[in-house]
Amino acid sequence: MKNFKIITLALLVFISFTGCSDDDDVIPTPVNQEEVITTLTVTLTPLGGGTAVTLQTQDLDGDGPDAPEVTVSGNLTAGTTYNGVIVLLNETESPAENITEEVEEEADEHQFFYTIGSALDATTTYTSFDGNGNPLGIEFSLDTGVTSSGLLTFTLRHLPAKPNTGLANAGGETDIEATFNLVIQ
Amino acid sequence: MRVFIILLFVISSNIISSQNCNNIINGTVLDLHDNTILVDAKVLVVENNQEVLTNSLGEFTIVDLCNQTYTIKISHAFCIAQTYKIEITNNTKKVFRLEHHLEELNEIILEGKLSDITSETSLENKISKEELEKNSGKTLGDVLNNISGVSSLNTGNTIVKPIINGLHSSRVVVMNDGVRMEDQDWGAEHAPNIDINAIDNITVIKGASALKYSGNAIGGIIITETSKTPVKDSLYGKTITTVASNGRGGTATSQLTKTFKSGWYGNVQGTIKRFGDFNAPDYNLSNTGAFERSFSVRGGLNRFTSGIEASYSLYKVETGILRASHLGGAQDQIRAINNLEPLFIDDFTYNINSPKQDVAHHLFKIKGFKKFENLGRLDFQYSFQQNNRLEFDVRRGDDRDTPSLDLKLNTHTLLLDLDSKISETATIKLGLTGQYQTNFADPSTGIRRLIPDYSEYNLGAYAVLEKQINNKLLFELGARFDYTFLDALKFYRTSFWEDRAYDTIFQDIVVGEFGNQILVNPKLNFYNPSATIGLSYKIKENYKLLFNYSLASRAPNPSELFSEGLHHSASRIELGDLQFNSETAHKFSVTLQKSNANYSFTINPYINMITDFIVIEPIEVQQTIRGNFQVWEYRQTNARLIGVDIDGSLKLNDHFQYNHQFSIVKGKDVSRNDALINMPAASTRNSITYNNKKLNNLNLKLQSEYVFRQNEFPDNNFEVFVPETETLEIVDVSTPPDAYHLLSFNSSMDFKLNEKSSLTIGFNVSNALNTSYRNYLNRLRYYADDLGRDYSINLKINY
């Protein structure tokens, strides 16, 4: 008899315990991905004046299934020097967060690289540097050669080896890799 | 009370009638080691069957003895029974001392507890206390690796996750001293949160046949236990320190146990483990240090017919993850894989930086049992666990010291078990389990939740019948049913939600939209039956044949259901599926065992057929602003695992023994007729041991381990465009590394310090030839070699 009392008691504890109502109806707060870069905009302004060319890649869903939207506003002019400025934004936040500032603050831990496809006749030169005089590359200049078309890739590396001679020995990890199809005419 | 009954061989008595039969003997019974009084020792005079018990002072009196030689047998619960011949001529006073043995004591008290918990018809492998003590500085996974058929999925060398017969993570259940560990075990890089210094033995069951614990252990069950304490007044403990050259660190662990003859006992235990960067033969493995601390305390009352125990333990570990393994997209992967050395090598340091894991596991438990005459043994247990997992990535700006992942998993579990003998040859075990679990993912990480907030309810019931048909054949039959209800609140990216057509399939679970995210409330029910049937047949002396069939069924884990996003440490995007159902496994295993003093072996072939097996594999390459990432998606398929585990030992002479182990498993995706990913390669271990008990128990062991190359693997390679070279390059994430051979040496000697304490000194070398190798089942194999040579010294003091 006593045994059954104990079993019954244990069962009751058991049931009352597992029968607890859930209190998770509180709606959790959404996480807006911080420090994510959704948008890279490169503005190429011709030195002697004229229409600026804008290159943009925008990936609003980050690592979601949608591919980045890549746009190039127009063609480059042959034999011209352009001033290039890169802006990075996190547009998942409102207003959009400017990530370029963060990169500038940690200039010694970042570097942009410009990779020009062999078909495209152009060269680039760094015009912005970190505190140690090593390239940072938020600003640069682009010299176009003769009429041609090909790829220009921007790569941002976090924590690269500095100084380096290029992507091959820079190390670090890739924060951005954006390729644009350019036409020089 | 706690009188241990010993069967006596009745010695034919030759009572000689004598004139004087009024002699009295006054005796005292003491413990041989510490002279403590033995109360309730049973004193039997064989010749006339007179029996008395010692009083509270350990004294007894026997009257009416004649002038002759008597045989007196004295027995006590925690001592070896002893027989004395005494010639009685007049009144006699005598002190009797009984030998007290802890090991034997435990065998008596435990009442075959180990075989009780497991299945009688499937093979179980054990790791002893001595083995654990020798490996004090290692992880649970490292120690389990010594069992045939058990391997590990590693992330570096400090995150070691056991694989049983080719299966791991949610398919392997870890029972930590009676509590099922709930420590985010779904993650391939989440090691079990157990300090091996806090436990006294481990049993591994390869399969789901131990239904008492779970019905979803498709791979197997790992059971760790602590020894029971003796019922006597005593204070004992041990301290082990290990110093190792690789990692330039060590471990110190200590424990102290106080017991009382009333049955009360208490135990405290603590471990501290600290290692800096480990090294491969040719370079430093930057950021691979580890800092582990653990503490446990338990106390209770242990009686023959009832007992109660409360315990609390805290396990905290901070583990660095190889810096060179933290990558951006596929272009980084190509660089890392093609480079022979890691891309990031720094000088040795004890500092642990990002990427790293910082995990704390609290476990509180209260349990009790009572034995009822007509009913059997009833066990009750309540446990609460809290697992707090922080993972830190390499981040920018203000977020630098903010974890990328912050999960808090709380689990309450109730168990009720009844173990009943229904006849002389049959026992039945019945039980109920109830569990309530909540997961909270802290949004302040600024990274989208990998695992959503959820509540989960489990209810389970089981029954296992064991019947001894005759003295050769034992039959076992068991069934279990589990019900799981999962209530989650998950934010999906709207783009993913629509891409998967969830917006039409699951439109009624949407709670609201937040920017480009959508909040949904999936409520999922899973019903999981499991069963086991088995036979144990004694063919002839020393030969035994075991057969076991088990049906196991496992509900999908949160990662398989809810993943959708970039998994940093794997440099890939992982996608789960809300529509998964449970996977079901049918495992048949046969074991042939032979054991005698000189020669023994075990052969254990098995086949495991799993329907709706959840596997993750690559489907495509996805473009993001960070470059290209391979997308890995969970899908359900049918799988078949066939393998065999072989163990053998041969005693060459009094001092030398040879041991052999061989394991192989073949995993196949039956639906696609392709190999399963991450199956352990065949491996063999051979060792020669020299032991000399007379020479301070000198033990020398030379072991060779050969791991074959895994030749069966799915081809998951993919191509990406590399702008620098303007070429498409193959990212080789599939090809397994070459076979390797490792030699290791172990030695130990025992020294007696004084009456109560002893010292064991051990010296070990692992990877003695400093071989450079990579293991297919190390997730960091793409980036760096495995560990180089390691010398370690191990000191153990028992007191």
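At a 10 Å Cβ-Cβ cut-off, how would you order B:Phe763, A:Phe140, B:Phe475, fewest neighbours first?
B:Phe763, B:Phe475, A:Phe140
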(request) Calculate I(q)/I(0) for the protein assembly as shown by the Debye formula, one identical point scatterer on each C-alpha and no solvent, and give its log10 at q = 0.08, 0.10 Å⁻¹ to two decimals. (result) -0.86, -1.26
(message) Using a Gaussian network model on chain A with a 10 Å cutoff between Cα atoms, which of A:Val146, A:Val72, A:Val26 fluctuates the most?
(response) A:Val26
(message) If packing is taken as the average count of other Cβ atoms within 10 Å, what order do B:152-165, B:38-51, B:715-728 fall into, highest mean first?
(response) B:152-165, B:38-51, B:715-728
(message) Explain nothing, just compute: Karplus ³J(HN,Hα) = 6.51 cos²θ - 1.76 cosθ + 1.60, θ = phi - 60°, for every residue of the stretch B:302-311 in order, whole Hz, x for Gly and Pro.
(response) 10, 10, 5, 9, 7, x, 8, 8, 10, 8
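Mean separation of Cα pairs under 8 Å and 6+ residues apart, divided by the residue count of the stretch B:113-798: what relative contact order is that in percent? List each step's numbers first, then the result.
Numbers: 1939 pairs, mean separation 77.5, N = 686.
After rounding, I find 11 percent.
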(request) Identify all lysines with a Cα-Cα distance to B:Lys666 below 28 Å; exclude those on the same chain that are fewer than 8 residues away in sequence. (result) B:Lys126, B:Lys161, B:Lys206, B:Lys544, B:Lys587, B:Lys594
(request) Describe numerically, in nm with one decimal, the distance between label points set 7 Å from Cα along Cα→Cβ at B:Ser128 and at B:Val243. (result) 2.8
(request) Run the dipole for the stretch B:555-662 about the Cα centre, Lys and Arg Cβ at +1, Asp and Glu Cβ at -1, nothing else charged, and hand back the magnitude in debye, nearest 20. (result) 380
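Across peptide B:722-730, how many C-beta atoms of other chains are within 10 Å of each residue C-beta, on average? Don't skip to the answer; put the middle values down first.
On the way: counts 4, 14, 8, 3, 7, 0, 0, 0, 0.
Per residue, the average neighbour count from other chains is 4.
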(message) Just want to confirm a number: the relative contact order over the stretch A:33-184, from Cα pairs under 8 angstrom separated by 6+ residues, in percent.
(response) 22
(request) Per residue of the stretch B:153-169, in order, report the coupling 6.51 cos²θ - 1.76 cosθ + 1.60 (Karplus, θ = phi - 60°) as ³J(HN,Hα) in whole Hz, putting x for Gly and Pro. (result) 9, 9, 10, x, 10, 9, 9, 10, 10, x, 10, 10, 6, x, 10, 8, 6
(request) Convert each backbone phi in the stretch B:423-440 into a coupling constant with the Karplus relation 6.51 cos²θ - 1.76 cosθ + 1.60 (shift: θ = phi - 60°), then list the ³J(HN,Hα) values in order as whole Hz, x for Gly and Pro. (result) 7, 4, 10, 10, 10, 10, 10, 10, x, 10, 10, x, 9, 10, 9, 10, 10, 10
(request) Kindly point out, ordered by number, any Cys in chain B whose beta-carbon has no other cysteine beta-carbon under 4.7 Å away. (result) B:Cys79
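Regarding the stretch B:298-344, what is the average projected area of its C-alpha convex hull, in nm²?
On the way: hull surface 27.9 nm².
Average projection, Cα convex hull of the stretch B:298-344: 7.0 nm².
Please report, in debye to the nearest 20, how large the charge dipole of chain B is about its Cα centre when each Lys and Arg carries +1 at its beta carbon and each Asp and Glu carries -1 there. Present the calculation step by step, with values, prior to reporting the outcome.
Numbers: 79 positive and 91 negative charges, 540 e Å.
Roughly 2600 debye, rounded to the nearest 20.
I'd like the mean, over residues of A:62-73, of how many other protein chain beta carbons sit within 10 Å of each residue's own Cβ.
Details: counts 10, 17, 16, 13, 10, 4, 4, 0, 2, 0, 0, 0.
Mean partner shielding for this stretch: 6.
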(request) Would you grab the residues whose amide H sits under 5 Å from the one on A:Ser128? Only those 5+ places off in sequence or on another chain, please, with H modelled 1.01 Å from N. (result) A:Leu136, A:Gly137, A:Ile138, A:Glu139
(message) For the stretch B:132-275, take N as its residue count and report Rg(C-alpha) divided by 2.2 N^0.38 Å.
(response) 1.13
(request) For chain B, restrict the atom set to alpha-carbon positions and state the Rg and Dmax in Å. (result) 29.6, 117
(request) Would you work out which of B:Val243, B:Val52, B:Gly368 lies farthest towards the positive end of the dipole of chain B? Charges go on Cβ: Lys and Arg +1, Asp and Glu -1. (result) B:Val52
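When you look at the Cβ of every residue in B:331-342, what mean number of other chain Cβ atoms sits within 10 Å? Numbers along the way, then the final one.
Details: counts 6, 6, 1, 0, 6, 2, 0, 0, 1, 0, 0, 1.
That average works out to 2.
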(request) Please name which of B:Ile533, B:Leu30, B:Val174 has its Cα lying farthest along the dipole of chain B towards the positive end, using unit charges on Cβ (Lys, Arg +1; Asp, Glu -1) and the Cα centre as origin. (result) B:Leu30
(request) Order by neighbour count: B:Cys66, B:Cys21, fewest other Cβ atoms within 10 Å first, most last. (result) B:Cys21, B:Cys66
(request) Let me know the charge dipole size of the protein assembly as shown about its Cα centre in debye, to the nearest 20, where only the beta-carbon of Lys, Arg (+1) and Asp, Glu (-1) is charged. (result) 6400
(request) With a Förster radius of 22 Å, plug the Cβ-Cβ distance of B:Thr71 and B:Glu755 into 1/(1 + (r/R0)^6) and report the FRET value to the nearest 0.05. (result) 0.10
(message) Just to be sure I understand the model, the point goes 7 Å from the Cα along the line to the Cβ. What's the resulting A:Ala96 to B:Leu235 distance in nm?
(response) 7.2
(message) So if the hydrodynamic radius of the stretch B:321-470 is defined as the Kirkwood radius over C-alpha pairs, what does Stokes-Einstein give as its diffusion coefficient at 10 °C and 1.306 mPa s, in µm² per second?
(response) 79
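Multiplying the sequence separation of B:Gln468 and B:Thr92 by 0.36 nm and subtracting their Cα-Cα distance, what value in nm do you get?
Numbers: separation 376, 0.36 × 376 = 135.36 nm, distance 4.94 nm.
Separation in residues times 0.36 nm, less the Cα-Cα distance, equals 130.4 nm.
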(message) Starting from the 7 Å offset along Cα-to-Cβ, what nm value, one decimal, do you get for the label separation of B:Glu617 and B:Asp715?
(response) 1.3
(request) Rounded to the nearest Å, what's the spacing between the alpha carbon centres of the stretch B:722-799 and the stretch B:465-511? Just the number, please. (result) 38
(message) Show me the ranking of peptides A:92-101, A:45-54, B:460-469 by mean Cβ neighbours inside 10 Å, starting with the highest.
(response) B:460-469, A:92-101, A:45-54
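What ranking of B:Glu564, B:Glu133 emerges when the number of other C-beta atoms within 10 Å of each C-beta is taken as an exposure proxy, fewest first? Let's see the in-between values first.
Details: B:Glu564 24, B:Glu133 21.
Taking fewest neighbouring Cβ atoms as first place, the list is B:Glu133, B:Glu564.
Every read-out reported here was derived from the displayed coordinates using simple, explicitly stated rules and does not represent laboratory data. The shown structure was predicted, so the numbers you read here are calculated from the model rather than taken from an experiment. Reconstructed Cβ throughout: ideal geometry from the backbone, glycine too, with neighbour counts over all protein chains shown.
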